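Heads up: the structure comes next, in structure tokens.
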Amino acid sequence: MKTLRIAGCVFGLAVVASVSHAEPENEASLICSSTHTVECDGTDEECHQGQGDTINFPRFFRVDFKKREIHILDPGRRDEVTEVTHIARSESRGWIILQGVEEGRPWSMLITEQTGRFSLVINEDDAAFNVFGACTSL
């Protein structure tokens, strides 16, 4: 299995709904926890389920909308930060969408505002790493 350094993100989104390019108005930060992962290898067409540590994904992280950063909160990794290059919001679907690139890998994260649940995908040319979990306001 491949390993990743940090928080990646969600499916390739085809958001047909109205999307604004602004941070959530009432949220400065969210605390998120990964619950499970699915790693799919394009070379042998197999997928493996596990928890975040199986792909070196953090158990806890903080999304800072104002600074456009994701901060790892796991012990021994607190100095790790990922830049968020794009933030969008789908008003009609109630989604917050974050995107970026980490160590050359594109990622995208979708957070459902009503439930706090998130899904995230990190892409490589021969694999995809899907992470699921939940976020809450500070």
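Need the full-extension length gain, Ala134 to Arg77, defined as separation in residues times 0.36 nm minus the C-alpha distance. One decimal, nm.
18.5 nm
Which shape class applies to the range 49-138: rounded if a/c is under 1.5, otherwise prolate when a/b exceeds b/c and oblate if not, where a ≥ b ≥ c are the square roots of the Cα gyration tensor eigenvalues?
rounded
Compute the separation of the alpha-carbon centres of the range 46-80 and the range 106-134 and state it in Å as a whole number.
Between the Cα centres of the range 46-80 and the range 106-134 lies a distance of 11 Å.
For His36, what residues show an amide H to amide H distance below 5 Å, using hydrogens built from the backbone and excluding near sequence neighbours?
The list, which skips near neighbours in sequence, is Phe132.
Just subtract the alpha-carbon distance of Ala28 and Phe60 from 0.36 nm times their residue separation and send over the number in nm, one decimal.
Here the segment from Ala28 to Phe60 would lengthen by 9.8 nm.
For the pair Val101/Thr115, report the inter-label distance in nm, with labels modelled 7 Å from Cα in the Cβ direction.
Roughly 3.2 nm, to one decimal.
For the range 32-138, run through the GluC sites (Glu not before Pro) and keep only the ones in DSSP coil with at most 12 other Cβ atoms within 10 Å of their Cβ.
Glu45, Glu91, Glu103
Since every read-out is calculated from the coordinates, none of them should be taken as a lab result. The model shown is predicted, which means the values in this text are computed figures rather than measured ones. A quick note on method: Cβ atoms are made from the backbone with ideal geometry, for glycine too, and the neighbour counts reach across all protein chains shown.
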